[in-house]
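To start, the structure under review is shown below, and the notes come after it.
The values are calculated or read from the model by the stated rules, or taken from the named source; none is laboratory data. Remember, it's a predicted structure, so these values are computed and weren't measured experimentally. Every residue, glycine among them, receives a Cβ derived from its backbone with ideal geometry; neighbour counts consider all protein chains shown. Each accessible area value is taken on the protein alone, full model and side chains, heavy atoms only, with ligands, DNA and RNA left out. Shrake-Rupley method; radii C 1.70, N 1.55, O 1.52, S 1.80 Å.
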Amino acid sequence: MNVKQGLQYVDKIKAHAYDLGFCLCGVTTPEPPAHLDEYHKWLADGLHADMEYMGNERARHSRANPKEIFPECKSILVVATNYYQGEFLSPGAATTYGKVARYAWGKDYHTVMKHRLQQLMVFVESVAGKPVKHRLYVDTGPLLERELAQRAGLGWIGKNTMLINHDVGSWTLLAEAMLDIWLPPDDPYIDDRCGSCTFCIDECPTDAIMSEPRRIDSNKCISYLTIEHRGAIPVHKRVDLDDWVFGCDICQDVCPWNNRFAKVEHDVDFSPSGPLPHLSPHNLLNMDQAEFSKKFSGSPVKRTKRSGLLRNASVVLGNRVDNKSIHSLATSLTGDPDPIIRAHSAWALGQIGDANVVNLLSDAQENEIDADVLIEIQSALDELSNQKE
Ligand code: SF4
Ligand code: SF4
């Protein structure tokens with residue numbers, strides 16, 4: 001294929017990508033990423049927390065060179081989908097209690113984008129007039145996808161580490177198609193349009209964003225703590241969750257590029273459905289496994305599993321210090337089969353500190369057999385007794 005023919009192919013492919021619902025599409029080469037050293041430093045400094053899958057030997061090897069995962073690769077198509085749905089309150093909701101990151105309001109983007117990419121591949125083959133070998137990745141692949149997107153001309157990587165495009169902002173999800181045909185690459189996006197802005201750094205409630213080099217300390221990030229972290233949330237970090245039961249959008253909400261350029265996309269696949277966009281922590285605590293599985297089937301929220309989501313709900317109730325939640329928390333403390341949820345319910349009751357709470361915690365202590373839950377109950381009782389003195 002000569003360059004002229006390649007450019008015609010790319011124009012048609014991009015037009016079809018937009019018809020399929022992608023808002024951005026670009027082409028890059030399978031060259032090794034230029035920022036690999038920074039990624040390795042991020043890992044070496046332990047900033048990936050316990051996301052072992054990001055730092056294991058296989059992932060390091062594959063991320064070092066896209067050709068490691070697909071040796072025949074000659075070009076990479078990078079696409080983005082706009083999931084911005086505007087501002088929402090659940091019907092009847094007076095507050096933003098139980099907040100969920102926007103990307104999780106609708107269907108699971110892995111499924112939606114993979115399906116759209118598969119449709120795009122059918123078109124690529126029809127344009128090429130022959131079968132095209134490919135590998136498709138939606139977030140889960142061992143690729144440094146934001147760097148690929150920047151190299152494909154889609155935008156720059158902001159101080160909040162998100163890909164930002166000057167026409168749509170950063171409420172986008174990325175996916176890649178590695179192809180065994182050559183396509184002329186787009187020019188990389190070389191401008192850094194964050195300028196002197198530091199809104200995301202200043203507004204991050206946990207100081208998780210480091211400006212130079214641009215990186216996030218996952219150990220501190222609410223998105224990591226609420227979604228990826230398994231088991232107990234360290235006590236000193238629970239207050240950081242504030243109202244977030246799943247993820248955190250603050251560093252994108254405050255970004256001027258989103259405030260000025262984000263376009264509401266009424267993409268039905270990303271529209272809120274069921275109880276979303278807000279999840280009442282009270283309702284979550286009443287949810288058994290069967291209901292959880294049914295309600296969050298096909299939703300990104302299922303990634304936390306029931307244990308993580310109800311753990312987060314307990315923490316939010318504790319942060320709210322809302323004595324209307326005492327009954328839900330006490331029921332959870334004495335009746336939930338999951339010790340992680342019981343432990344966080346005990347903590348939350350200790351934060352609320354109503355006169356009834358001491359009795360509830362003491363009763364639960366009598367019957368509890370899990371050592372970690374017993375520690376949480378005792379800590380809550382100690383906290384309450386210190387408050388009295
Ligand atoms: Fe900070 Fe939230 Fe952004 Fe994480 S997602 S870096 S906690 S503002
Ligand atoms: Fe860049 Fe400011 Fe947006 Fe942060 S808030 S990503 S510094 S433009």
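Yes or no, residue by residue, for (1) in a helix (DSSP H, G or I); (2) more than 30 Å from K263 (Cα to Cα); (3) over 25 Å from the mean Cα position of the chain (by Cα); (4) in contact (Cβ under 8 Å) with a residue 40 or more places away in the chain:
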residue: G6; (1), (2), (3), (4): yes, yes, yes, yes
residue: A17; (1), (2), (3), (4): yes, no, no, yes
residue: A34; (1), (2), (3), (4): no, yes, no, yes
residue: H40; (1), (2), (3), (4): yes, yes, no, no
residue: L43; (1), (2), (3), (4): yes, yes, no, no
residue: G46; (1), (2), (3), (4): no, yes, no, yes
residue: M54; (1), (2), (3), (4): yes, yes, no, no
residue: A59; (1), (2), (3), (4): yes, yes, no, yes
residue: K67; (1), (2), (3), (4): yes, yes, yes, no
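Got a number for residues in region 119-141 being open to solvent by 30 Å² or more (accessible area, probe 1.4 Å) and within 26 Å of L47 (Cα to Cα)?
The total comes to 3.
Assuming S273 fulfils every condition listed in (1) in contact with a Phe, Trp or Tyr (Cβ under 9 Å, 6 or more places away or on another chain); (2) under 30 Å from C197 (Cβ atoms); (3) open to solvent by 30 Å² or more (accessible area, probe 1.4 Å) apart from one, which condition is it?
(2)
Looking at L36, L24, L20, which is the one that is open to solvent by 10 Å² or more (accessible area, probe 1.4 Å), farther than 14 Å from E176 by Cβ and modelled with pLDDT of 90 or more?
L20
Please state which one of R146, R151 is under 21 Å from C255 (Cβ atoms) and open to solvent by 30 Å² or more (accessible area, probe 1.4 Å). I'd like the intermediate steps shown before the answer.
On the way: R151 fails: under 21 Å from C255 (Cβ atoms).
Matching residue, one of R146, R151: R146.
Can you report the number of residues in region 204-220 which are near ligand 1 (Cβ under 8 Å from one of its atoms), free of Cβ contacts under 8 Å to residues at least 60 places away in the same chain and closer than 15 Å to D45 by Cα?
Residues that pass the stated criteria total 3.
Could you pull out every one of the helices (runs of 4 or more DSSP H) wholly within region 95-214 that has 2 or more residues that are away from ligand 2 (no atom under 12 Å from the Cβ) and small (G, A, S)?
Filter on region 95-214 gives 109-128.
If you go through region 238-259 one residue at a time, do you hit one that is open to solvent by 30 Å² or more (accessible area, probe 1.4 Å) and among the basic types (K, R)?
Among the residues of region 238-259, not one is open to solvent by 30 Å² or more (accessible area, probe 1.4 Å) and among the basic types (K, R), which makes the answer no.
Could you pull out the residue among K294, K263, K220 that is closer than 19 Å to L163 by Cα, more than 15 Å from ligand 2 (Cβ to nearest atom) and basic (K, R)?
Selected residue: K263, the only one of K294, K263, K220 that is closer than 19 Å to L163 by Cα, more than 15 Å from ligand 2 (Cβ to nearest atom) and basic (K, R).
Among the residues that make up region 229-236, is at least one of them in contact (Cβ under 8 Å) with a residue 60 or more places away in the chain, of a type in the set (A, V, I, L, M), open to solvent by 20 Å² or more (accessible area, probe 1.4 Å) and within 30 Å of K12 (Cα to Cα)?
No: region 229-236 contains no residue that is in contact (Cβ under 8 Å) with a residue 60 or more places away in the chain, of a type in the set (A, V, I, L, M), open to solvent by 20 Å² or more (accessible area, probe 1.4 Å) and within 30 Å of K12 (Cα to Cα).
Name the residues in region 326-354 that are closer than 19 Å to N386 by Cα and open to solvent by 10 Å² or more (accessible area, probe 1.4 Å), would you?
W347, Q351, I352, G353, D354
If you go through region 54-86 one residue at a time, how many are among the small types (G, A, S) and under 27 Å from Y9 (Cβ atoms)?
We begin by selecting, within region 54-86, every residue among the small types (G, A, S); these are 55, 59, 62, 64, 75, 80, 86.
Okay, now just the ones that are also under 27 Å from Y9 (Cβ atoms), so 75, 80.
Qualifying residue count for the region: 2.
Here is a check on your reading of the model: is P300 in contact with a strand residue (DSSP E or B) (Cβ under 9 Å, 6 or more places away or on another chain), away from ligand 1 (no atom under 16 Å from the Cβ) and open to solvent by less than 30 Å² (accessible area, probe 1.4 Å)?
no
Show the residue pairs that are 6+ apart or on different chains and have beta-carbon atoms under 6 Å apart, the first residue being within region 240-263 and in the same structural domain as S170 (by TED's automatic domain parsing), the second being within 10 Å of ligand 2 (Cβ to nearest atom) and not in a helix (DSSP H, G or I).
Matching pairs, first to second residue: none at all.
If a residue counts only when it is in contact (Cβ under 8 Å) with a residue 12 or more places away in the chain and farther than 21 Å from D240 by Cα, which helices (runs of 4 or more DSSP H) contained entirely in region 336-389 have at least 2 such residues? Step through it out loud before you land on a result.
Numbers: elements: 339-352, 355-367, 371-388.
Those helices (runs of 4 or more DSSP H) span 355-367, 371-388.
What single numbered condition from (1) surrounded by fewer than 16 Cβ atoms within 10 Å (Cβ to Cβ); (2) in contact with a Cys (Cβ under 6 Å, 6 or more places away or on another chain) fails to hold for I222?
Only one criterion in (1) surrounded by fewer than 16 Cβ atoms within 10 Å (Cβ to Cβ); (2) in contact with a Cys (Cβ under 6 Å, 6 or more places away or on another chain) is unmet by I222, namely (1).
Assuming I190 fulfils every condition listed in (1) over 24 Å from Q5 (Cβ atoms); (2) crowded, with 18+ Cβ neighbours inside 10 Å apart from one, which condition is it?
(2)
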